[in-house]
Amino acid sequence: MNTIKHNNKLFFRYLHVFTLSFISSSVFGQVFSTAQNPLSVKWNYIQSGGFKIIYPKELEKEAQRMANTLPYIYPKIGLSLRQQKASIPLLLQNQGTIANGFVQLGPKKSEFYTTPPQYFDSQDWLNNLAVHELRHIAQFDKLTGTQARPFPELVYFAYFGAGLPIWFFEGDAVVNETALTESGRGRQPKWIMPFRTSLLGGKKISYSKAYFGSNKDVTPGYYQTGFLMVADMKEKYGQFISDSLLADIRKRPIRLYPFSQSLKKFTRENTKKYFLSTQEKLTKNWKAQEEKLSFEEYESLNQKTSLATNYFLPTRLNKNQILALKESKTDARYFVVINEDKSEQKLFGIGYQEQPWFSLKNNLLVWDEIRYDPRYKQRSYSVICSYNLKTKKFKKLSSKSRLFSPSLSEDGKRIIAAKVELNNQFNLVELDASTGQILKTYPNPKNEILQTPSFDKTGIRIAYISVSESGKSLCLMEDKKNTRVISNSRQQLSRPIFVGDKIVFNAHFNGIDNIYSINIQTKKISALSASRYGAFNATETEDGKIIFNNYKINGYEITEKKISEKPVGKNVFIDFTAAAEKQENVGNVFNNIPDSAFQSKRFRHGLNLFSFHSIIPVIDNEYIFGLELQSNNLLNTMDFYSGAKYHRDLKRFEYTADISYKALYPVFSVAYRNRPKRTFYRAKNVIQQGDWRENFVKLNASLPFSVNARNQNYSFSLNAATSFTQRYMTENMPSNFITALKFPMEYGATFNHSVRTTERDIAPKWAQIFRATYNHQPFDKNLGGKIIALESFLYFPGLAKNHSLLTSFNYQKATGVNQYATEISTVYGYNNILARTKLQNSLLLNYRFPFAFPDWELSSLAYVRNFRAGLFCHYENIGIDTNIGQPKTYGVELNSSLNILRYQPVVDVGARLVFVNKIYNQNPILEFSFNYSF
């Protein structure tokens with residue numbers, strides 16, 4: 001029996017990522033970023049209160065605003081956690097086009113991504129981030145304390161992640177952002193719509209499923225779950241319940257399920273029971289709300305499915321066909337044509353979008369998508385792409401642009417889009433639809449955030465949404481005159497379009513998201529839909545109807561109805577934060593922000609390369625363990641690690657140091673080891689033991705490069721390395737023992753192409769990976785030898801969706817001191833099989849497929865997401881060994897993804913039964929695997 005373990009330097013080094021990032025926006029999820037900005041970005045900083053605000057010089061105005069805002073609002077944000085002061089660096093990132101924000105430890109910092117999304121709250125974007133992320137800072141300080149112990153941050157981060165469920169971090173922050181402002185996600189029906197839909201649709205969700213998600217169903221998500229649970233806690237147990245929970249966990253940290261035990265102490269219910277009681281209360285409240293509503297049932301125009309599937313932004317191509325953006329658990333986002341009989345025709349896939357968006361006029365299709373900088377991943381662009389339905393030709397209309405929500409004029413010749421500059425200046429721009437050239441820029445003197453513009457049929461008038469701290473406005477621009485049709489509303493206004501002389505848009509006037517129209521002259525608002533759960537994204541058809549998204553239990557469906565106006569109706573929205581808002585009693589925390597001028601100074605990259613933050617335990621294996629001091633600077637441009645490890649079997653210490661500099665286009669790294677070594681050798685037919693120490697230094701340079709276009713991803717990397725080893729303090733070694741290994745050279749190159757994957761994909765449907773390595777000894781004649789290795793991995797679609805076939809052929813040629821080295825992928829069971837010849841090539845055939853998605857909640861022990869199986873047939877030394885045509889190993893494997901003990905990391909466990917070709921006279925080999933991801 002053999003056990004495969006993919007765990008290096010376990011627990012503290014990686015457990016801190018349990019907390020993930022604390023993301024303010026709902027548009028994108030990621031673990032906190034380790035990407036870099038280009039060196040061309042010039043940074044300044046401002047000290048204000050306990051905040052060190054570091055920012056690109058283009059953001060001087062926004063940095064000054066945050067310098068006034070953050071110290072002013074923090075005492076109010078931290079009040080219910082009894083936190084009044086903070087000390088933390090905060091970075092404003094302006095190079096990207098993906099909205100985000102997070103707080104982390106190791107190093108301690110917060111980052112605000114200043115480019116806002118095209119759909120978010122009804123308040124200023126940076127204020128939106130501030131009120132949420134500052135709550136996370138207060139949570140950290142409450143749980144871990146602010147005493148200056150020597151380099152504790154990653155230990156604290158691990159403790160924070162292991163002690164608290166993520167739904168509580170985020171739920172507490174969302175309740176806070178809602179209670180302290182006039183906006184907040186808690187006031188958006190759409191945000192909690194999936195949960196409401198499931199419960200009213202009779203589909204109750206287990207605690208684990210709500211927390212961890214599902215590979216088959218729509219689930220509320222841990223933000224929404226946490227918000228509703230924490231809001232209920234505040235209502236039942238008062239303003240300081242979060243403070244009580246965190247204080248109790250801090251007092252008694254060494255427990256299994258510490259949060260659940262503390263919750264039970266104060267509420268008499270553990271986490272699961274509290275979730276279930278909250279779910280019962282929500283069902284009751286939402287059923288009472290529904291009784292006050294008058295809603296309509298709409299026929300679905302798309303295929304019925306039991307799988308979570310979305311058909312975004314339906315638009316009529318003609319009387320018999322509909323165009324939409326489709327995505328599901330089995331399919332990445334693509335354009336689809338839906339016929340009258342509901343059959344579907346896939347057009348093509350697209351890349352990641354900030355939000356689902358496209359525009360179709362006169363057989364021209366345009367959309368925006370995110371493109372990343374090839375090297376510096378903090379920098380991304382939002383480009384406009386087009387596709388002509390008649391000529392079948394693609395175009396990229398903009399490059400290195402920051403353009404969002406492109407909409408075509410009726411004749412398909414012009415595009416109106418929202419543009420965001422690096423200094424956060426927002427404008428509407430008009431472009432030529434054939435060349436992408438900017439024809440006109442519309443003024444925005446108040447610099448409000450601009451969203452989702454559209455032309456009327458004449459191409460003269462433009463409707464769009466503007467956002468400021470005062471709320472959202474529906475605006476009309478005509479002949480350079482700007483009119484507010486709806487002014488400074490807290491409604492979630494979005495996606496306005498013209499239908500005749502009226503503007504049709506999304507809002508939630510009756511407490512449920514629906515489609516409304518407004519008469520431009522009289523300002524009278526009427527309801528065009530009465531969806532039970534939510535209606536969005538109307539488009540006018542040629543026969544006096546609107547086609548739109550109607551939300552159902554499995555996602556966004558397509559429906560159509562004749563245009564008819566009804567009264568808006570009474571607002572029956574349920575405000576779950578009413579109690580918390582009353583408890584905080586501050587109104588809008590952003591009222592009366594000071595307007596002082598702060599001195600800004602240059603933040604010099606070269607003087608800020610080190611940021612020591614943690615001493616952590618590291619465990620290489622059962623024999624080697626120690627401590628490591630870590631430094632990662634604030635701009636992610638340099639990492640430094642140094643430590644000492646004890647070799648239990650040798651009873652000696654090893655000393656290490658690693659440094660990596662990532663600011664330049666190549667990444668340079670140096671590794672140093674002073675380590676003990678032991679070997680056994682035969683002398684005069686007697687086995688002898690020999691020991692020595694060695695100084696080992698390795699230099700490495702790598703060049704990572706990647707690009708994306710639509711749903712295709714390409715990457716290429718080059719790598720070169722050399723090392724020097726000096727051996728000393730030799731004990732009982734032979735006279736011919738070599739004491740210096742002089743600069744062996746290592747070279748590598750990798751090319752990777754893949755298509756965008758989905759939740760259920762085990763591997764890409766189409767992917768090609770080619771890798772070449774070459775190692776030799778040009779400077780040391782005593783150690784002649786080389787190895788060249790070529791590897792290929794070709795992925796193909798299987799017999800059904802999300803099945804994967806991998807064909808991998810690999811070759812190596814090794815001589816001299818490298819003749820027994822292994823640089824290529826080997827057959828399964830390789831380490832347990834006695835080799836008859838040196839490894840020269842391998843052919844690996846793997847077929848893998850998912851076959852079950854049970855969403856099993858096994859008490860508090862595990863949550864089982866899926867089961868996957870595989871068949872494999874592996875060949876070795878083809879044309880060399882005598883068993884030509886027979887596989888060396890073959891067999892089956894079974895894997896499952898699960899969450900253990902209700903912790904966030906996805907654990908992948910599996911077993912593999914390896915049968916060895918009979919000439920080796922081996923019994924079957926049983927291997928187990930264990931891996932995890934975040």
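The values are calculated or read from the model by the stated rules, or taken from the named source; none is laboratory data. All values reported here derive from a predicted model rather than from experimental measurement. Here the Cβ is made from the backbone with ideal geometry for all residues, glycine too, and neighbour counts use every protein chain on show.
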In the stretch 269-294, what residues are more than 32 Å from the chain's Cα centre (by Cα) and outside any loop (DSSP other than H, G, I, E, B)?
K284, N285, K287, A288, Q289, E290, E291
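Out of all the residues in the stretch 780-798, is one or more free of Cβ contacts under 8 Å to residues at least 12 places away in the same chain and either surrounded by fewer than 18 Cβ atoms within 10 Å (Cβ to Cβ) or not in a loop (DSSP other than H, G, I, E, B) (or both)? If you could, list the steps in order and put the result at the bottom.
Of the stretch 780-798, the ones free of Cβ contacts under 8 Å to residues at least 12 places away in the same chain are 781.
With either surrounded by fewer than 18 Cβ atoms within 10 Å (Cβ to Cβ) or not in a loop (DSSP other than H, G, I, E, B) (or both) added as a condition, the list becomes 781.
Taking every residue of the stretch 780-798 in turn, at least one turns out to be free of Cβ contacts under 8 Å to residues at least 12 places away in the same chain and either surrounded by fewer than 18 Cβ atoms within 10 Å (Cβ to Cβ) or not in a loop (DSSP other than H, G, I, E, B) (or both).
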Would you check which residues across the stretch 831-842 are within 13 Å of Y875 (Cα to Cα) and surrounded by fewer than 19 Cβ atoms within 10 Å (Cβ to Cβ) and list them?
Q840, N841
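Where residues in the stretch 423-464 are in contact with a Phe, Trp or Tyr (Cβ under 8 Å, 6 or more places away or on another chain) and β-branched (V, I, T), which of them is farthest from G96 (Cα to Cα)?
Filtering the stretch 423-464 down to residues in contact with a Phe, Trp or Tyr (Cβ under 8 Å, 6 or more places away or on another chain) leaves 427-430, 444, 447-457, 461-463.
The next check asks that each one be β-branched (V, I, T); those that pass are 429, 449, 452, 462.
Working: V429: 19, I449: 16, T452: 19, I462: 27 Å.
Once the filter is applied, the top-ranked residue is I462.
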Being farther than 21 Å from T219 by Cβ and of a type outside the set (A, V, I, L, M) narrows K326, K319, K304 down to just K319
Are there strands (runs of 3 or more DSSP E) fully within the stretch 606-712 with at least 3 residues that are closer than 30 Å to K400 by Cβ, in contact with a Pro (Cβ under 6 Å, 6 or more places away or on another chain) and of a type in the set (A, V, I, L, M, F, W, C)? List them.
686-709
Just to be sure I understand, how many residues within the stretch 704-755 are touching a helix residue (DSSP H, G or I) at 6+ places or on another chain (Cβ under 7 Å) and surrounded by 15 or more Cβ atoms within 10 Å (Cβ to Cβ)?
1
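Given the condition assigned to a loop (DSSP other than H, G, I, E, B), surrounded by 18 or more Cβ atoms within 10 Å (Cβ to Cβ) and of a type in the set (D, E), answer yes or no: does some residue in the stretch 857-866 qualify?
As a first pass, look at the stretch 857-866 and keep what is assigned to a loop (DSSP other than H, G, I, E, B): 859-861.
Then drop every residue that is not surrounded by 18 or more Cβ atoms within 10 Å (Cβ to Cβ), which leaves none.
No - not one qualifying residue is present in the stretch 857-866.
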Out of all the residues in the stretch 104-139, which are out of contact with any Gly (no Cβ under 9 Å at 6 or more places or on another chain), at pLDDT 95 or above and part of a strand (DSSP E or B)?
K109
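Going by the structure shown, is N588 in a loop (DSSP other than H, G, I, E, B), touching a residue at least 12 places away in the same chain (Cβ under 8 Å), under 30 Å from V499 (Cα atoms) and out of contact with any strand residue (DSSP E or B) (no Cβ under 8 Å at 6 or more places or on another chain)? Please lay out each step first, then the result.
Numbers: in a loop (DSSP other than H, G, I, E, B): yes; touching a residue at least 12 places away in the same chain (Cβ under 8 Å): yes; under 30 Å from V499 (Cα atoms): no; out of contact with any strand residue (DSSP E or B) (no Cβ under 8 Å at 6 or more places or on another chain): yes.
Criteria not met by N588.
Has the stretch 544-556 got at least one residue that is at pLDDT below 95 and among the β-branched types (V, I, T)?
The first filter runs over the stretch 544-556 and keeps only residues at pLDDT below 95, leaving 544.
Remaining after also requiring among the β-branched types (V, I, T): none.
Checked the stretch 544-556: no residue is at pLDDT below 95 and among the β-branched types (V, I, T).
Let's see how each residue does on (1) free of Cβ contacts under 8 Å to residues at least 12 places away in the same chain; (2) closer than 29 Å to Q378 by Cβ; (3) not aliphatic (A, V, I, L, M); (4) not in a strand (DSSP E or B):
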{"position": "S715", "(1), (2), (3), (4)": "no, yes, yes, no"}
{"position": "A721", "(1), (2), (3), (4)": "no, yes, no, no"}
{"position": "Y728", "(1), (2), (3), (4)": "no, no, yes, no"}
{"position": "M733", "(1), (2), (3), (4)": "no, no, no, yes"}
{"position": "N736", "(1), (2), (3), (4)": "yes, no, yes, yes"}
{"position": "A749", "(1), (2), (3), (4)": "no, yes, no, no"}
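Matching residues to (1) in contact with a helix residue (DSSP H, G or I) (Cβ under 7 Å, 6 or more places away or on another chain); (2) more than 21 Å from V103 (Cβ to Cβ); (3) hydroxyl-bearing (S, T, Y):
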| residue | (1), (2), (3) |
| --- | --- |
| A162 | yes, no, no |
| G186 | yes, no, no |
| K203 | no, yes, no |
| Y207 | yes, yes, yes |
| Y223 | yes, no, yes |
Is there a residue being of a type outside the set (S, T, N, Q), touching a Lys or Arg at 6+ places or on another chain (Cβ under 8 Å) and surrounded by 15 or more Cβ atoms within 10 Å (Cβ to Cβ) anywhere in the stretch 602-610?
no
Among residues of the stretch 557-586 being of a type in the set (D, E, K, R) and within 22 Å of E297 (Cβ to Cβ), the residue surrounded by the fewest Cβ atoms within 10 Å (Cβ to Cβ) is K562
If I filter the stretch 863-884 down to residues being at pLDDT 95 or above and small (G, A, S), which single residue comes out as nearest to Y903 (Cα to Cα)?
A869
Among the listed residues N895, N899, identify the single one that is at pLDDT below 95, in the same structural domain as P924 (by TED's automatic domain parsing), under 27 Å from the mean Cα position of the chain (by Cα) and not in a loop (DSSP other than H, G, I, E, B).
N899
Here is a check on your reading of the model: is T97 within 20 Å of Q425 (Cβ to Cβ), in the same structural domain as Y207 (by TED's automatic domain parsing), touching a Gly at 6+ places or on another chain (Cβ under 9 Å) and assigned to a loop (DSSP other than H, G, I, E, B)?
no
Does at least one position in the stretch 234-249 carry a residue that is crowded, with 20+ Cβ neighbours inside 10 Å and touching a strand residue (DSSP E or B) at 6+ places or on another chain (Cβ under 6 Å)?
no
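Would you be able to say whether some residue in the stretch 331-340 is out of contact with any strand residue (DSSP E or B) (no Cβ under 7 Å at 6 or more places or on another chain) and of a type in the set (D, E, K, R)?
yes
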Would you mention how many residues in the stretch 511-534 are out of contact with any Leu (no Cβ under 8 Å at 6 or more places or on another chain) and free of Cβ contacts under 8 Å to residues at least 60 places away in the same chain?
9
Top-ranked residue of the stretch 295-317 - restricted to ones that are aliphatic (A, V, I, L, M) and in a loop (DSSP other than H, G, I, E, B), ranked as farthest from the chain's Cα centre (by Cα):
L301
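Check whether at least one residue in the stretch 666-679 is without any contact (Cβ under 8 Å) to a residue 60 or more places away in the chain, out of contact with any strand residue (DSSP E or B) (no Cβ under 7 Å at 6 or more places or on another chain) and small (G, A, S), and report yes or no.
Filtering the stretch 666-679 for residues without any contact (Cβ under 8 Å) to a residue 60 or more places away in the chain gives 666-679.
Remaining after also requiring out of contact with any strand residue (DSSP E or B) (no Cβ under 7 Å at 6 or more places or on another chain): none.
Within the stretch 666-679 (the criterion being without any contact (Cβ under 8 Å) to a residue 60 or more places away in the chain, out of contact with any strand residue (DSSP E or B) (no Cβ under 7 Å at 6 or more places or on another chain) and small (G, A, S)), the answer is no, since none of the residues qualifies.
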With the stretch 192-242 as the region, which helices (runs of 4 or more DSSP H) entirely inside it contain at least 2 residues that are at pLDDT 95 or above and within 16 Å of N285 (Cβ to Cβ)?
193-200, 222-237
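Please specify each residue of the stretch 275-297 satisfying the condition of being in contact with an Asp or Glu (Cβ under 8 Å, 6 or more places away or on another chain) and crowded, with 16+ Cβ neighbours inside 10 Å. Give the steps one after another, and end with the answer.
First, pick out the residues of the stretch 275-297 that are in contact with an Asp or Glu (Cβ under 8 Å, 6 or more places away or on another chain): 277-278, 281.
The answer is T278, and nothing else.
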If you go through the stretch 80-89 one residue at a time, do you hit one that is over 20 Å from N633 (Cα atoms), assigned to a helix (DSSP H, G or I) and modelled with pLDDT of 95 or more?
yes
